[in-house]
Amino acid sequence: MQDIDSIPNIHIEEYTEEMEPRIFQLEKESAVSVASGFPSSLIKFCTIFHQNYSSRPKQFNNDYRILVAKDTVSGKLIGVINAVIKEAWYNENKIKFAQLFGLKVHEKYQRKGIATLLIRKMNVALKSLGVAIAYAKIESSNIKAWELFANKLQFADCYYQDTWIINPSLSIKLNQLSVEKAYEMTKNFYDKRDLCNTNLLEIFQSPHYIGTYIVETEKGYAGISLWDSSAYADTFISKVVIDTEKLKSNPIFYQFLWLLAFFSIVLALYYGYFLYFLIGEPILQQIYFLLGLIGLFKYGKSLYKIQKFAKIAINQKRSKKAKTFGFFYQCTEENRRNMLIELTEGLATEAHDHGLDFISFEMKSEDYFTKDFEIYEISGTKNYVQKSISDIELCPWMLHSFVDPRD
């Protein structure tokens, strides 16, 4: 395969704020599926920005880069990538990291090497700034991104976190730590762990930091911090594969879906009895009838999901979300489980008090017990991949690496 250093009629340049309206349009036109399985794959989402496009990377003390790809023939902005630079621990050494995020390429320009070109140009720029390792966070459902980073660009798998979006029904009031105490306890737990920022305090001084909450007993303690992740941007259910504009003007859409489910029952029954009359064996009648009912259940369930997701898309529903980070503890595994349940219940109150509707938990699966709470369908696993753009040797991230809530 030929190495891609340039593409005809495609120019890579630095982002400027004059490009902002075109960036917003690109986001809408580059919506991706919420999950890989049917029917979730039919539902598309994109990012809606509440402030300037560059506001999110500016959280990192303006140490960031944004590159865009432009079609020199049409003048259209067709791709973008962000990188934020921070000093953090890695294998017990301080190095410069860069997180790559916000990679978008217009649908009509995909599969032309533009995403690869953007990443390679960005890595060259980052290397000149002394960055040792670039990493990216990939949703498990984003197959295209995984193929690009892991297979084509040889980023190495290094870490994962499971993600659950929950809204606990129980609420209790938690003890909140002072900023100073929260910083001290979080730093003591994560100090020198991979990806822990050397300037951790700036996270706790951010206006988007909500608070750190703790549960203490005679057997130990556990604490967790809460972050307003909807301050700069939010996830937006943008469209279904079918034409939502027509659906909006068609009040009998849902009745049509249920009518389709009814006809599927008729077809399932007909299919079973038709084969019986052809073959003439009573046992086969029962088998095919049972298979028909199983197929009907699966098909009807899919229809219900499509109806639910389509309704979300038609109503253009968005909800504000909080994100947890910096889970720390000093207790046994059993006590940790009970304390985390209590923390989760208490965080529901805190999120509600700040006008936030959902809480996103991102942590290792062994730390969290999903059976204790209602888990919403849009959840999954975030895989972290890394690439050395210097001479440093890569290694997997250690257990309980620190994940920056600004990422």
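Observations, loosely collected:
- Rule-of-thumb Rg ratio for region 10-154 [Cα; 2.2 N^0.38 Å; N residues]: 1.07
- Separation in nanometres of the label points that stand 7 Å from Cα toward Cβ, at residue 330 and residue 393: 3.4
- Simple spin-label estimate for residue 184 and residue 63 in nanometres, 7 Å along Cα-Cβ: 2.6
- Region 114-222: GluC sites (Glu not before Pro) falling in loop per DSSP and having at most 12 other Cβ within 10 Å: 218
- Gyration tensor (alpha-carbon) shape descriptor, region 172-234, a/c threshold 1.5: oblate
- Beyond 32 Å in Cα-Cα separation lie the following of the pairs 28/86; 181/387; 219/387: 181/387; 219/387.
- Burial ordering of 337, 111, 56, fewest other beta-carbon atoms within 10 Å first: 111, 337, 56
- Each residue in 127, 121, 94 was given a count of other beta-carbon atoms within 10 angstrom of its own, and listing them fewest first yields 94, 127, 121.
- By the beta-carbon count within 10 Å of each Cβ, the least crowded to most crowded order of 325, 358, fewest first, is 358, 325.
- When both region 191-234 and region 69-142 are represented by their alpha-carbon centers, they are found 26 Å apart.
The numbers here are math on the coordinates, done by the rules we state, and not lab data. Fair warning: this is a prediction, and the values are worked out from it, not measured in the lab. FYI the Cβ positions are ideal-geometry reconstructions off the backbone, even for glycines, and counts take in every protein chain you see.
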